[in-house]
Amino acid sequence: MPLVTTKEMFEKAYKGGYAVGAFNVNNMEIIQGIVDAAKETNAPLILQVSAGARKYANPIYLRKLVEAAVEDTGLDIALHLDHGDSFEICKQCIDDGFTSVMIDGSALPYEENVALTKKVVEYAHERGVVVEAELGKLAGVEDEVKVDAKDATYTDPDQAVDFVKRTGVDSLAIAIGTSHGAYKFSGEPQLDYERLEKITNLLPDFPLVLHGASTVIPEFVEMCNKYGGDIPGAQGVPEPMLKKAASFGVCKINIDTDLRLAMTGAIRKLLVERPAEFDPRKYLGEGRTAIKDMVKHKIVNVLGCDGKL
Ligand code: G3H
Ligand code: 13P
Ligand code: ZN
């Protein structure tokens, strides 16, 4: 059973009004925790690797670990490059056997984003690989997106139609108010559903992607705080808001921060409660279990992709 692309996953998700989870992976325990959760819930799965993860783990290790997960479980898993910022990194991943790549040209002027995305799409499609691109800019709290500035940073619906048509891209990450990391909103969490609905209507049957979609689960923030340093003011996207996004055209929901918090919280707790413990299998194993439980919760209660294999 080889790695799969996201094509069929997204077609089913779109029709079913649910989303597939795309989880960032950096080491064996993270991969195993996520994969165990998907196995127990019969869920399709996207494992994604950032440039930072490739640098940390050495690309071949992560790829082989993901291949091992497929061989071990027989699950439908797509291996995806997260936030590729050049043609070269996308090409490398495609040549290495990834089934999906993201070319993130969102920081470029529009026409340059179109040209770069098109170039990656051509290379990828000739090799049976699918491509995600990004249009619009995800804001950080520090960017304080004001209502009148939204049009400058959030995805423009008409431009999204033009972009998809001209690039032939397979899915599109949109900016509607989410942001990466643990600090997403300074006030009340808010997503621009009106914009999302417009994009969905203008691009029927086309899969949209939501980045920066961690909920920043309070249980793990509290655990990190109680057993170590403070993570003040952390705030993520509430779960009902993600469910609502999935009921529109959002088929892929990206999660990294929640994995980091779950793993770190569990490890901090174990090491504080058992200071004499120095077997990495004990504390990494605890982190792996925390990830598994958290991902199961997401799959069943937020994404709705359980039983959709
Ligand atoms: O969106 C970015 C992901 O959270 C990956 O983060 O670049 O630190 O691996 P990273
Ligand atoms: P979070 O930081 O909200 O987990 O988002 C991750 C992401 O978008 C990876 O591309
Ligand atoms: Zn992202």
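Below, the figures for the structure above:
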{"quantity": "Gyration tensor (alpha-carbon) shape descriptor, the stretch 161-210, a/c threshold 1.5", "calculated": "prolate"}
{"quantity": "Amide H contacts under 5 Å for CYS305, placed H, 5+ residues apart", "calculated": "ALA19"}
{"quantity": "Descending semi-axes in whole angstrom, ellipsoid equivalent of the stretch 225-279, from the Cα gyration tensor", "calculated": "32, 13, 7"}
{"quantity": "Per-residue ³J(HN,Hα) for the stretch 52-63, Karplus 6.51 cos²θ - 1.76 cosθ + 1.60, θ = phi - 60°, Hz, x for Gly and Pro", "calculated": "x, 5, 4, 5, 5, 9, 6, x, 5, 5, 5, 4"}
{"quantity": "The chain: angle of helix 28-41 to the longest principal axis, Cα-based, in degrees nearest 10", "calculated": "80 degrees"}
{"quantity": "Other-chain or far-sequence residues with amide H under 5 Å of LYS252's (modelled H)", "calculated": "VAL20, LEU208, LEU210"}
{"quantity": "Dmax and Rg, reported as Rg then Dmax, of the stretch 27-155 (C-alpha, Å)", "calculated": "16.6, 51"}
{"quantity": "Average Cα contact separation per residue, the chain, under 8 Å, 6 or more apart, as relative contact order %", "calculated": "23 percent"}
{"quantity": "Shape box of the chain [Cα atoms, principal axes, largest first, Å]", "calculated": "59, 45, 34"}
{"quantity": "Within straight-line cross-link reach of LYS298, lysines at Cα separation under 17 Å, skipping those fewer than 8 residues along the same chain", "calculated": "LYS39, LYS243, LYS244, LYS252, LYS308"}
{"quantity": "Neighbourhood net charge (15 Å Cβ-Cβ; Lys/Arg +1, Asp/Glu -1) for LEU3", "calculated": "-3"}
{"quantity": "³J(HN,Hα), Karplus 6.51/-1.76/1.60, whole Hz, each residue of the stretch 265-281, x for Gly, Pro", "calculated": "x, 5, 5, 4, 4, 4, 6, 6, 6, 10, x, 7, 6, 9, 8, x, 5"}
{"quantity": "Tail fraction, Cα-Cα pairs, the stretch 174-235, threshold 14 Å, whole percent", "calculated": "64 percent"}
{"quantity": "Footprinting exposure proxy for TYR14, TYR193 (fewest neighbouring C-beta atoms within 10 Å first)", "calculated": "TYR193, TYR14"}
{"quantity": "Cβ crowding within 10 Å averaged over residues, with 24-30, 52-58 ranked highest first", "calculated": "24-30, 52-58"}
{"quantity": "Set of lysines near LYS165 by C-alpha distance (under 16 Å), chain-local residues within fewer than 8 positions excluded", "calculated": "LYS118, LYS119"}
{"quantity": "ILE174 long-range amide H proximity, modeled H, under 5 Å", "calculated": "VAL209, HIS211"}
{"quantity": "Ellipsoid equivalent to the stretch 248-309 - semi-axes via the Cα gyration tensor, in Å", "calculated": "30, 11, 8"}
{"quantity": "Residue-averaged 222 nm ellipticity for the chain, from DSSP H runs of 4+ at -39500 (n - 2.57), nearest 500", "calculated": "-15000 deg cm²/dmol"}
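Laboratory data are not the source of any read-out in this text; all were calculated from the coordinates shown. Every value quoted in this text rests on a predicted model; they were computed, and no experiment measured them. We place every Cβ from the backbone using ideal geometry, glycine too, and count neighbours over all the protein chains shown.
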